[in-house]
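Read the structure below first, then the notes.
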Amino acid sequence: QVQLQESGPGLVKPSQTLSLTCTVSGGSITTNYYYWSWIRQPPGKGLEWIGLIAYSGITYYSPSLKSRTSISRDTSKNQFTLQLSSVTPEDTAVYYCARREVVTTLYDYWGQGTQVTVSS
């Protein structure tokens, strides 16, 4: 089955850029028809969609985060990355990468999540 694994620093200083990598195994990030997404959950709050990169490479972002978000991919490594700039303590959350089926719209595979704390 498909497996996703988040990696990156667990502590980021305010005003810096948060950078996370999702490594995918068991399936190609270029395979039709899937979206590769980043979602986060701040403490005590619900899930928040950040953005995605499609199998084609096109990206989409949450309007509330678009100005600070960049999602890219490295197909040779079967990885996609999240960069969130100018972070504040409000960006503290558990960050997940997940696959979404285009046809069903369901998130069928998730990473385990990684805690990222923004603090000085």
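The values are calculated or read from the model by the stated rules, or taken from the named source; none is laboratory data. Source: prediction; values computed, not measured. Accessible surface is based on the protein model in full, side chains and every heavy atom, while ligands, DNA and RNA are left aside. Shrake-Rupley method; radii C 1.70, N 1.55, O 1.52, S 1.80 Å.
List of remarks:
- Measuring between their Cα centroids, region 61-120 and region 26-40 lie 12 Å from each other.
- Seen from a random direction on average, the alpha-carbon convex hull of the chain projects onto 7.0 square nanometres.
- Remark: C-alpha extents of region 1-70 on the principal axes read 36, 24, 24 Å, sorted largest to smallest.
- Of all the options G46, G27, G57, the one that moves most in a Gaussian network model of the chain with Cα springs shorter than 10 angstrom is G46.
- Considering only alpha-carbon pairs that sit under 8 angstrom and 6 or more positions apart, the relative contact order computed for the chain is 35 percent.
- Gain in span if fully extended, E101 to N78, counting 0.36 nm per residue against the direct Cα distance: 6.5 nm
- The accessible surface of region 69-120, taken with every protein chain in place and a 1.4 Å probe, is 46 percent carbon and sulfur.
- Under the Debye formula (equal points on every Cα, no solvent term), log10 I(q)/I(0) of region 1-42 at q = 0.14, 0.21, 0.33 Å⁻¹: -0.44, -0.81, -1.30
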